[in-house]
Structure formats: structure tokens, C-alpha cells
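Presented below is the structure to which this report refers.
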């Protein structure tokens, strides 16, 4: 048989059948041609057009050529198709008419008659021509005539039924051509025959099927008919079509069973409803299980037999079709289906009785058989990549073996009892003997099952093998859930076998999987199993934890929950005697923290204050639980500036009533998805600092740490290590609390001790040695204890302190955490210059109490009791500076250190003095200016000479002894200087005046007077300058525009004195002279000085020496004009190099006296010049070469005798002209 | 008649699961959970297909001796799993399909409820009623 063009032809058993073609006529001829024919026929495919719209197919034809016998022809009513001759061929090589007429024609006629008798129309006459024979017999008719004769005699209207094959055994093109034509004809006719006969068969079959509702219709008969068709298709290698036949039979049968179940009984089905006696599984190693087929044919088959046979045929065809995975899939369906059908029949009619376990055996054997069959025709790699298809069978087999094990008492610890053993024997009997085809296979399903049922150990081995293989397969294709489920079965098995240590890993694995995906019921169930396992293992901690989870599990009944709760409690009470050992369990299963509430609600207390925390805990336990202690461990941090932070936090996070709510687990299932806290998002804007424009914006997830952490460790919820007990120094405790099921309010009280931030970290409830710990309290809960250090502020009551008068200063003590005791005092240490005026009766008083710590300000009121704010009067002595600082050191009772406070006092007065002259008489004037806002009363003004000149007298010219000086005003005092002898060149004076605030009533203290010390130098008058303007000669009065003469007379008033001894002094034979420079300046521009306005004169140093200078001036205005100023300077020569530096200094000194004009410039200047016009030039020249210098005479030395005199100037006649020209 | 109907979130936790009260609920939970393996497999195999051509109905996920488990997946990867009694041969693929479509419509209604938070367990009475009708229905 020619295999289809497959790379790896499957090792399958094929049918030996081929369509039958009979051969009549010349047998020798056929024998010679047969090899070529059988070789050539299947070489080329032929299109087979099908009826009923079925798709045409290309088909390679093969045939089984047999000698024609009349017995081969089917009799009427015979439905056998396999033995049906599809074509009848008559072979002849006759070329002689005589011979033809003599024998061949008769033979042909006989053959035709037989065919006709059986109404067979599929025939063909082949005339083989041989050139050799033709040549020998030259007198014969042309060859065509024989063929024509035959056609004429037999093929009326069917001339194509006679073909010529020329020289079949030669190798010529003609031969080839002839062969091709012949083969084509042969194939066509064969197909025609197929079409016709199969069509007829199918029609008959359908007719038969339509009769299925009639009584007496037999499914088995029909089965045989349709299978015949399937065989033919298989014979033609049309496996697809063959499979269709079986599938139709399958569906028909299934439908019957269903209908039967629904009450529509068909009699024939009762044949299948025999008690199941044999359950030896599928047989797939033979192409046709003739044994079972026989049963069906004899209508003795049970349902299982029929199904087994049907499936074995389907399996064979599917394997031909290279679809082994479909075999696996169909096998599973079949097995499920059969089990269902048997149940159905059993249930409906009670006819099919199936011994318990029989089906399990059948399924188990069948699963393994199918798997082994598939493995037999596939290589390892193929199998590995198609596990998804086969794993179902593995799993099913495992399941069935398990149930067999349980059934036969192979799983229990004690082993099977006698009843179990009887059952096992019955089951083994139903298996029958092993079939010969697998007898030599070591791992045959039969052997496996027999062995597995033989002993507890063998069963365990086989069951574990299968389970592990199944788990491995599931895992390898990523069906984790299925793997876990099988693992759970395995765990159950281990538990039955009393090896909980092996079971644990499977239970944990499954539980983890269910937890991760949040399947509540499986979680509960698995946990219950795990609890039992852990109890057996003695894992106390784990057991208690699982128990706590189960006790809080709402999917359990109340009794179950209570049982687990009691387990915990009884453990706790047992262990109560041996303290020290702690078992830490996570709290969430025991109780849940709902909310928390601080009193005070802002969660801020001062040191020593009392804080209470009220928490609501929702107990998950079904019964009241007495907890010895409930504690919150608190983390303490001394964080600076945390107070503000907390305040900010408060406003953001806390509700007004101070209740912090904790996110309850929304779902009763502790799934990782549901317990994730919601995202906390906030917007973020960043503005550029320069122009406040937005440059960054975004969203910040504030609780990202929680979210991420939970995801990572979500699966390890069960791990007891998750709840580590934190050892902390700060703990809030509440003893002996009974937690009722549901919400419980627990209040903690604490007295705040150290200042800082306290973060609530863990909540922990202890029941005996069992500690339930909530490892993290989230969201963050904090309370703050603040402490304020005592603080002292000293500040004046007025804007500023003035020196010299009593004023009030406020002392503010903010006690903070310090408690002021009776008798506490502030000790003030002050400098002598500042007096503190205390009043005996004046004590401090507490006037403001601690309400809110946020308000630090306190004011003071004098009073009679103990301190909070203290208030004292302070007085201090004054001095003569604009401002001055005084430090006060204060010793406070709460500190070992002194507090040093600096007080700034302002001077209320500014004092200036000046020397006044009148000829040689001298006066001292003191000006006191009040800078303060207060009015003062001045009294007792004195000016004393502090020098030793005894002959000097100061005669006050002030009249009033008391004077009021108002704010921002000045008061002048004048004294005349009188002396009898030569006065000292300088005079040291001290001015003092008593003062007191004008508004103040009488003060209890005497105030120090205000003093001012100063010095007056060179106050003796040396020169008297007199200027006189006389009108031009011949006129009475000066006239504007006309030159007048100015006479300046400089008179020396005293002899040589100490004041004259300077560089300007020259001595020549006891004759002293000094150089002076005069200068006439009219600052008010009343006069125009004509000619030289200044000059240097040599002045004899002798009394009464006079120097006169004349110059011309012209009045520019009319009226009483003050005379131009005449100034005198000392003219100092430039003789010494080293003094040049000094000169410069003194010049600069002079500059400050507003003598800023250089002499040299002025010496030749004959015209009026504005001041300072050449100053810069002079400055630069001065640097270059030594210049004579000027020094202004001290104000006391030169007396301007004509100061204040005025000259009457009358306007000239034509003054209008002048006015215009000058201005 | 369905014996168990489950709606499973994208993350594979149950949004809704209900089974006939006569049977052991736990068994169905395990069954539906295990069937997610096949759902995942089918979805990942389907991933290559174009989204708009995707068939939401996943067909028979796996048969067991007593039940058939069918699957359906919405475009947002919410899975519907329906367990049907094997003996109930009257239920053909088409019926199962239409049941799933009904379920999907009802689920869509649930999602349209503004008071329903996606991801929460479904507690809608309308949905419940629809499932109930599916459970008694055909039989």
C-alpha cells in the first residue's frame, strides 16, 4: 500500500483491503501484464467527483485484482462493500477472427450473462495487441476489426467499454501512450463504479437509518452497515470520510442515549443496558478490535464495549490523519461522556448496574492507554510541546486512581480492611486477563492498575508518580492554578497518610495562590486544612495565626469560628504559667483599628499635660476576648521646629474633631487588590522665584511607599515574621480590656514628659503569651509635646529710654514649663550709672494664664501677688552722649546662667557753646537744645571754671533760676568773663543744669544735673578791626555807582603775648612784628571792591599799633548797606620743609573754617571774584611748591569793631542805567 | 441551565460568583478558579488576533466528569465563567453564547451605574436576578 506523502509515516496498523477488480478471460495474459498494471495504477491521482455536493478529491487508486468467479458477485441484499467487486475486466489478446468466433465470443457472452444476472454494469474488455503476433499471421483481419467486432457484439452504445492495449510489455512511445490511455480509462471506470456503488450504498444506508424509529430496528445492524462504508473510505485512504462515518455513528448513539435518558426509550438500546461486567479499558493497539466488533455484530456488546470500539476506530483514523492531540481531546470527552451516559442509564432505568470503582478502573486504564498510544506515535519533543492536550488525561487518571485508592482503603493509615479487599478483588476480576498485545509491555496500564491496587505502598508510589507528573506538566505549561489544585489533593492524601510535613508545602502554595487572587472560599477551605496540618506539625505560632485568621473568617460558621477562637484562648491560658515566651501574631485578623481620637483634639500638649488617646478597635473574634494589656508603642523624636510642622499637618490631615480614621479593609476578603490603600495624590506647582511664573507642575503620589511595599510583600501576609514587635521606651498602655466582638473603644492616658514628637507606631494586644501586633499604624498618627523654656523680655514702656529721668521698664517673664514658686525672684545686677528704683510695695502679679501655648505674648500690670509678669520701675542716671547702652544682668530662678539685657538710653539734650566778644570783654554762651519729646524744667544753671586760674570770674547774665524747655526747643545761657591778671590762653569750663520732666509731679529721688564741659582757647582780643566808608569827597552821602573810600584800620590791642608766638612772628632788635593778611569780602554783593581787596601787612606786636588800609568800594544798591566784611588771617611763611606737611594740615584745618581761598591768587586780584573760583587750581599748586599759608585768627582774637554798622547809600540820578548795567 | 456563574476581574479575583444552592459552593469556586488557567491560555493565544475581530466567547474551557465550564472574556479582560451540568445536553454552543451575551449586557448595565466602583464586588440586584433566571431557565 502506498503511503501518503508524509515525512514520517506513522507506525500504524492498516487494513490489507483494496478495492476488488475481477479478471476474466486470458489469465496468462493478465499474469504477464499484472506487475506493470499494479505498479502503474496508483502512480497518478485521479479526481473523484462526489455526489451530495461533497468536495472533489484527488485519489490514488489501487486495486486487488482477483480471478473472476461467479461467487464473487454479491447476491441480492448483501450489503458487504469490502468484498464487493467494483470492476470486472475481460482480458484477451485474440487477433484472429476465427479464433474470436470459435472461443472468445462465447466466453465473453457467458461472462456478460453472469454479470447481467447480477446486474453488474461495471465491466471492461481489454484487447491486448501484439505486433509479433500480427506479423506472424498476415492474413488476419486488420486489428480494428476484432475490436470493432467486440464493440459491435457487446458494447452497444458503450464503445468505451472496450479498450486496446498495444504492446504492453515493450518499451516504446506507442506502448506508453497505449498504457496511459488504458490506465486513464481504468481509473475513470473504477471511480465511476465507486461513485455509483457507494452512492447506492449510501442511499440504502440512509433508508435504513430513517427506519430507526420503527420497532425492531437494530443499532448494531446499522452500525455494521455504516462501518462498511467507513471501511471502504479507509480502503480508499479517505480517512477523513471514514472518520465522518464513525462520528455520525457516535452522534447517533449519543442522541439515543440522551433521548433514552429523557424517557424516549428505544428498544434496541436495552441491549446495551446490560450490567457492566468488564472494564478493561480502551484497546487502541489494534486497527480493528475484532473481538469487540464481534460483540457488536452479535448484539452482545455493552455500552462500554461499543464506546470502546467506536473510539478505537476513531483513534486509528485520527492517527492516520496525524492528529494525535485530537485523540487526547476526544478521549477525555469520551471518558466524561461515558461516565455520564452510564450514570444516566443507571439513574433512569436502573438497568445498568456498575459496580463501584468499575468506571474508575475503566477510565484510569483508558487514560493511560490513550496516553501510551499517543506516546507510541510521537517523539518526545512533540509530546513536550503538546502537554496542554494530554495533561487533562493525566489529571483525570490521577483523580481516578485517587478515588480508587480511597475506595479500596489504600489511603487510610491502617490499610484496607476486609471489605476493602473484597472490593479490590471484584474490581480486579472485572479487568479480566491482560491482553496479549500488551502482555510483554512492562508499563502497561493493566499492569499498573493491578499493581497499584495490590498494596498500600504500591498505590502510594503510583499515585505520587502520577500526581507529581501532573503537577509538573501543569506547571510547565503555566497552568499554575490547576497545579495547585492537584497539589491540594496530594496534600489531602499526605494528611490521610499522617505526614503533614509533606502536605504543608502544597497547602501553603495553594493558599498563597488563592490569597494573591482573592478567592475567599478556597482561602478559607485551604486555611482550614492548613490549620489542621500545622496543628499536627506542632507549629504553634503558625497554627495560632491561622486560627486567628479562621476565627475572623466570615465564611465559616459561627461554631467553627468559635472553635478556632477557643483554640487560641486555650493555648493562651495554658501558657500563662510559663511567662517569657511570646508569640507574636499580626493583628489584622484579630482586630482592626478603626479610628483614633486625641484629647486635646489638636494632639498637642505641653510638658506635664495629660493627653488621652481613644481608639476604636473592631474585634474580629466571635467571642469576647480578654486582653491583659493593649499597648501602643510610640516612637519619640526630638525634632526641632516640629511644632509648626505638626500644626501644618493638623490643618491638612485632621478633621476638626481630631478623629483619625483608618482605612478599613473594604472587602471582607484579605485580597491584595482590595486592601491596597487608595492613591493619595496632590498637585504640585513650582514657580520661578524671579518672576513667579509657573515653571513646573505635576502630581505627587504621597503614599507611594505604602503602595509599593504592599505590592511586593502582599503575598507574605501569612508569614508570621511580618509582625515584629518593636521595642520602644515609650508605650501607651491600657490593662485588662475585654474586647467584645465588634467595635470597642479603648482610652489611653499619658502624661506628657519630654518635649518632642511622638509617632504612634504599633498597636499590640496581649492575650497571655500571644501578642497581636499591628506592625504599622497608617496613616501616620503623631502627637506633640512642647516645652517652652522660660523667657524674660525687658522693654521700655515708652518708645525709647531717655537718660537722666526715671522711666518704667516692663519685665515680661514667659514661664513656659517652669512653675513659679512663691518667693521666686529676679535678681538684677546693674552698673552704677543706671539706678533701679524699686518700690517696696510694688510686686509682680500673674495676670495671664496659660491658655493656648501658641500665644506667647503677655502684658503686665503691677499688683500684689506672685509672678507671672513682673513689673518694676527703673531709674537711671544720665550722661552726655547721644545714646548709650547699659547692660543689666538678671539672675532668674530657673537658670544658673545670668541673662544679660542691654538697655539703650538716649540723651535728651544737645549742648553747644560759643565765645562772644565786645572789644576786649568776653562772654560765654551755652545753648541747650531739647531733642526729646518731653518738656523739661531747667534749674540751677552753673558755669564753673575747672582750671586753676583763680582770678577769672564768670558772671552769669541769666536772670531766671528756673526755666522750662519745651520739646524741640533751645535755651541759651550767657556768662561774662572777667579777669584781673593775664588770663590763661585757654579756659576749661563746666556747665551744669538741673533738669526734671516738666510734667512729672514731685519725684522721690533727686536727679543728677546735666553737665556739659567745654574749653575756650585764645579768647583774648588781640586785634580790633574797624572799617569805615566815607563818601567821595565833596558829597554828603554815598551814592550808588560812585566810588567810596573804605578805610580799614587794624589795631593791636595788646602787647606780645603767648598767643603770638608762632611762625608769623618776626623779631628784629626787640621789635616784634607779625604778618597778617586782610581781606575784604562782601558776601551779600552790596559792594564792589575796586582794586586790591586783600593784602598782607606786617603788624608790629605792640599795643596801639595800628595799620590802615584804604581801598575803593562802590555800592551797588541804595539804602542802608552793611559794610563789607574785613577778615584777618595770620600769614605764615614757608620756610621749613618739614613744616610743609604741617602747613598742609593746618591749611586743611583752615579750610574747615571756610577759608578756602588762596592768598597768592588774591594778592594780585584787583577785581571782584566769587569765592572758590580758583580753588581747584590753588589746590593743585599748593601740592607742588611750598606756599605761604593762612591761618584764621581764632574768633576771640580779632574783634570787628564795625560789625553791624551800616552806611546810607543814596541812589544816583541815573541809577536805573546802572542797575541795568550791573545786574 | 447554568449551575454556577462567575464574573472575574481582570486581576483574576472574583467580582461575582454564584452557584446553585443545592450544590457545594466551594467546589464551584475551585472549579472556576482552576478554569482561569485555560482562560489565560486562550486569551494569550488570542492576543495575536486583531482586537476588532476577536471573539469574546472562549468556548468550552474544560470538561469534567460532571460539568462543562465555558468562558467568555470582555475587551477589558473581565472574564465570565459559566459552569453547566454535563448531563444537560440540551445546551448547545449557541445557547451558551446567548447566555454569555445576556450576562455581558447585564454586566455592562452594572458598570454604567454611577454608584458602582469598578473593581468592587457586584451587588446589583438586577444582575443577580438575571443570573438567577439563567440558573433556572432552560433545564
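The values are calculated or read from the model by the stated rules, or taken from the named source; none is laboratory data. These numbers were taken from a predicted model, which means no experiment stands behind them. Cβ atoms come from the backbone with ideal geometry, glycine included; neighbour counts cover every protein chain shown.
Got at least one residue in segment A:420-432 being within 14 Å of another protein chain (Cβ to nearest Cβ), assigned to a helix (DSSP H, G or I), out of contact with any strand residue (DSSP E or B) (no Cβ under 6 Å at 6 or more places or on another chain) and in contact (Cβ under 8 Å) with a residue 60 or more places away in the chain?
no
Going by the structure shown, is residue B:5 more than 14 Å from residue B:85 (Cα to Cα), touching a residue at least 24 places away in the same chain (Cβ under 8 Å) and more than 9 Å from chain A (Cβ to nearest Cβ)?
No; evaluated as a whole, the condition is false for this residue.
What about residue A:335, is it modelled with pLDDT of 85 or more, within 19 Å of residue A:311 (Cα to Cα) and away from chain B (no Cβ under 14 Å)? Before the answer, list the steps.
Details: modelled with pLDDT of 85 or more: yes; within 19 Å of residue A:311 (Cα to Cα): yes; away from chain B (no Cβ under 14 Å): no.
The answer is no for residue A:335.
For residue B:87, all conditions in the list (1) away from every other protein chain (no Cβ under 14 Å); (2) closer than 28 Å to residue A:399 by Cβ hold save one; what is the number of the exception?
That leaves (1) as the condition not met.
In segment B:91-139, which residues are within 14 Å of chain A (Cβ to nearest Cβ), surrounded by 12 or more Cβ atoms within 10 Å (Cβ to Cβ) and either within 22 Å of residue B:75 (Cα to Cα) or free of Cβ contacts under 8 Å to residues at least 24 places away in the same chain (or both)?
B:116, B:119, B:120, B:121, B:122 - these are the residues of segment B:91-139 that are within 14 Å of chain A (Cβ to nearest Cβ), surrounded by 12 or more Cβ atoms within 10 Å (Cβ to Cβ) and either within 22 Å of residue B:75 (Cα to Cα) or free of Cβ contacts under 8 Å to residues at least 24 places away in the same chain (or both).
Among the residues of segment A:1067-1085, what is the count of those that are in contact (Cβ under 8 Å) with a residue 12 or more places away in the chain and either part of a strand (DSSP E or B) or under 18 Å from residue A:1028 (Cβ atoms) (or both)?
Number of matching residues: 12.
Checking residue A:400 against (1) surrounded by fewer than 17 Cβ atoms within 10 Å (Cβ to Cβ); (2) closer than 13 Å to residue A:445 by Cβ; (3) within 51 Å of the chain's Cα centre (by Cα), which test does it fail?
(1)
Can you pull out every residue in segment B:18-29 that is within 7 Å of chain A (Cβ to nearest Cβ) and surrounded by fewer than 22 Cβ atoms within 10 Å (Cβ to Cβ)?
First, pick out the residues of segment B:18-29 that are within 7 Å of chain A (Cβ to nearest Cβ): B:25-26, B:29.
Those that are within 7 Å of chain A (Cβ to nearest Cβ) and surrounded by fewer than 22 Cβ atoms within 10 Å (Cβ to Cβ): B:25, B:26.
Name the residues in segment A:440-457 that are within 16 Å of residue A:366 (Cα to Cα) and loosely packed, with under 13 Cβ neighbours inside 10 Å, would you?
A:443
What single numbered condition from (1) more than 14 Å from every other protein chain (Cβ to nearest Cβ); (2) within 29 Å of residue B:36 (Cα to Cα); (3) surrounded by fewer than 24 Cβ atoms within 10 Å (Cβ to Cβ) fails to hold for residue A:515?
Single failed check for residue A:515: (1).
Looking at this structure, is residue A:299 on the phi > 0 side of the Ramachandran plot, within 55 Å of the chain's Cα centre (by Cα) and more than 14 Å from chain B (Cβ to nearest Cβ)? Before you say what the answer is, go through the steps one by one.
Numbers: on the phi > 0 side of the Ramachandran plot: yes; within 55 Å of the chain's Cα centre (by Cα): no; more than 14 Å from chain B (Cβ to nearest Cβ): yes.
No, not satisfied.
If residue B:55 satisfies every condition in (1) at pLDDT 85 or above; (2) more than 9 Å from chain A (Cβ to nearest Cβ); (3) closer than 27 Å to residue A:395 by Cβ but one, which is the exception?
Residue B:55 satisfies all of (1) at pLDDT 85 or above; (2) more than 9 Å from chain A (Cβ to nearest Cβ); (3) closer than 27 Å to residue A:395 by Cβ except (1).
Within segment A:934-953, identify whether any single residue is out of contact with any helix residue (DSSP H, G or I) (no Cβ under 8 Å at 6 or more places or on another chain), at pLDDT 85 or above and under 25 Å from residue A:1057 (Cα atoms), and answer yes or no.
For segment A:934-953, residues out of contact with any helix residue (DSSP H, G or I) (no Cβ under 8 Å at 6 or more places or on another chain), at pLDDT 85 or above and under 25 Å from residue A:1057 (Cα atoms): absent.
Would you mention how many residues in segment A:445-468 are under 59 Å from the mean Cα position of the chain (by Cα) and not in a helix (DSSP H, G or I)?
0
Do we find that residue B:44 is within 14 Å of chain A (Cβ to nearest Cβ) and buried (at least 20 other Cβ atoms within 10 Å of the Cβ) in this structure?
Considered against the rule, which asks whether it is within 14 Å of chain A (Cβ to nearest Cβ) and buried (at least 20 other Cβ atoms within 10 Å of the Cβ), residue B:44 comes out as no.
State which residue is nearest to residue A:1044 (Cα to Cα) when the search covers only segment A:1086-1113 and only residues that are in contact with a helix residue (DSSP H, G or I) (Cβ under 9 Å, 6 or more places away or on another chain) and assigned to a strand (DSSP E or B). Show your work before the answer.
Filtering segment A:1086-1113 down to residues in contact with a helix residue (DSSP H, G or I) (Cβ under 9 Å, 6 or more places away or on another chain) leaves A:1088, A:1092-1096, A:1101.
Now restrict to residues that are assigned to a strand (DSSP E or B): A:1088, A:1094-1096.
Working: A:1088: 10, A:1094: 17, A:1095: 19, A:1096: 22 Å.
The extreme case among them is A:1088.
Does residue A:224 fit the bill of being in contact with a helix residue (DSSP H, G or I) (Cβ under 9 Å, 6 or more places away or on another chain) and free of Cβ contacts under 8 Å to residues at least 40 places away in the same chain? Let's see the steps before the verdict.
Working: in contact with a helix residue (DSSP H, G or I) (Cβ under 9 Å, 6 or more places away or on another chain): yes; free of Cβ contacts under 8 Å to residues at least 40 places away in the same chain: no.
It is false that residue A:224 is in contact with a helix residue (DSSP H, G or I) (Cβ under 9 Å, 6 or more places away or on another chain) and free of Cβ contacts under 8 Å to residues at least 40 places away in the same chain.
Just need a number here: residues in segment A:984-1015 that are modelled with pLDDT of 70 or more and not in a strand (DSSP E or B). Spell out how you get there, then give the answer.
Of the residues in segment A:984-1015, the ones modelled with pLDDT of 70 or more are A:984-999, A:1006-1015.
With not in a strand (DSSP E or B) added as a condition, the list becomes A:984-985, A:998-999, A:1006-1009.
The total comes to 8.
Any idea which of A:508, A:529 is at pLDDT 90 or above, within 13 Å of another protein chain (Cβ to nearest Cβ) and part of a helix (DSSP H, G or I)? Walk me through how you get there before you give the answer.
Working: A:508 fails: within 13 Å of another protein chain (Cβ to nearest Cβ).
Being at pLDDT 90 or above, within 13 Å of another protein chain (Cβ to nearest Cβ) and part of a helix (DSSP H, G or I) holds for just one of A:508, A:529, which is A:529.
So residue B:75 passes all but one of these: (1) more than 14 Å from chain A (Cβ to nearest Cβ); (2) over 27 Å from residue A:338 (Cβ atoms); (3) surrounded by 13 or more Cβ atoms within 10 Å (Cβ to Cβ). Which condition number does it fail?
Going through the list (1) more than 14 Å from chain A (Cβ to nearest Cβ); (2) over 27 Å from residue A:338 (Cβ atoms); (3) surrounded by 13 or more Cβ atoms within 10 Å (Cβ to Cβ), residue B:75 breaks only (3).
Going by what's in this entry, would residue A:521 be described as more than 10 Å from chain B (Cβ to nearest Cβ), in a helix (DSSP H, G or I) and closer than 30 Å to residue A:767 by Cα? Write out each step before concluding.
Values: more than 10 Å from chain B (Cβ to nearest Cβ): no; in a helix (DSSP H, G or I): yes; closer than 30 Å to residue A:767 by Cα: yes.
Judged against the criteria, residue A:521 is not a match.
Please work out which one of (1) crowded, with 21+ Cβ neighbours inside 10 Å; (2) not in a helix (DSSP H, G or I) is the condition residue A:478 fails and give its number.
Looking at each condition in turn, residue A:478 falls short on (1).
Could you go through segment A:178-199 and let me know if any residue there is out of contact with any helix residue (DSSP H, G or I) (no Cβ under 7 Å at 6 or more places or on another chain) and part of a loop (DSSP other than H, G, I, E, B).
So far as segment A:178-199 goes, no, none of its residues is out of contact with any helix residue (DSSP H, G or I) (no Cβ under 7 Å at 6 or more places or on another chain) and part of a loop (DSSP other than H, G, I, E, B).
Would you confirm, using the coordinates I've provided, whether residue B:15 is touching a strand residue (DSSP E or B) at 6+ places or on another chain (Cβ under 6 Å), within 14 Å of another protein chain (Cβ to nearest Cβ) and modelled with pLDDT under 85?
Numbers: touching a strand residue (DSSP E or B) at 6+ places or on another chain (Cβ under 6 Å): yes; within 14 Å of another protein chain (Cβ to nearest Cβ): yes; modelled with pLDDT under 85: no.
So residue B:15 does not fit the description; no.
Being touching a strand residue (DSSP E or B) at 6+ places or on another chain (Cβ under 9 Å), at pLDDT below 90 and away from every other protein chain (no Cβ under 14 Å) narrows it down to one residue among A:567, A:541; which is it? Working first, answer last.
Details: A:567 fails: touching a strand residue (DSSP E or B) at 6+ places or on another chain (Cβ under 9 Å).
Only one candidate passes the filter, namely A:541.
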